[in-house]
Amino acid sequence: VMNSFLEESWSSVGLNFNPWDYSRAEKQGILLAIFKGLNVLTVLELSPSDMLEFCLDMESLYNDVPYHSFNHAVDVVVKLLYMLHDLQAASYLATYDIAALLISALCHDCGH
């Protein structure tokens, strides 16, 4: 999923992205593609397997609730990707800032 997502030039995401349309594995692949595509793995010196383990750990910290769930977290990451990539906000930020924003987006409602 990660490689196919990267090759599609983010075409399946944006304002119309719906995380409920994707399987658990697909969501994890999308997250990995975003983190890899925006150089988070390089900046944080993580392997894809380390990043996947982190994403899985974060998923386990989300409660099974209607809105503030892991699906919501994935949706926020994708919307942030839209702002960083499509709206070119990344051009105004350092790579560490982008990494911090993406990690924060993924974790922002853990345990909520």
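The values are calculated or read from the model by the stated rules, or taken from the named source; none is laboratory data. Quick caveat, the model's predicted, so the values are computed rather than measured. Glycine gets a Cβ as well: all are built from the backbone with ideal geometry, and neighbour counts include every protein chain shown.
Candidates in segment 53-92 are the residues that are of a type in the set (A, V, I, L, M, F, W, C) and in contact with a Gly (Cβ under 9 Å, 6 or more places away or on another chain); of these, the one that is surrounded by the most Cβ atoms within 10 Å (Cβ to Cβ) is 81. Here residue 106 clears all of (1) modelled with pLDDT of 95 or more; (2) over 14 Å from residue 19 (Cα atoms); (3) under 10 Å from the mean Cα position of the chain (by Cα) except the condition numbered (2).
Against the conditions (1) touching a residue at least 40 places away in the same chain (Cβ under 8 Å); (2) more than 15 Å from residue 107 (Cβ to Cβ); (3) buried (at least 17 other Cβ atoms within 10 Å of the Cβ); (4) not basic (Lys, Arg), residue 41 satisfies every one except (1).
For first residues located in segment 69-97 and under 15 Å from residue 35 (Cβ atoms), partners that are acidic (Asp, Glu) and not in a helix (DSSP H, G or I) and lie 6+ apart or on another chain with Cβ distances below 9 Å form the pairs 73/109; 76/109.
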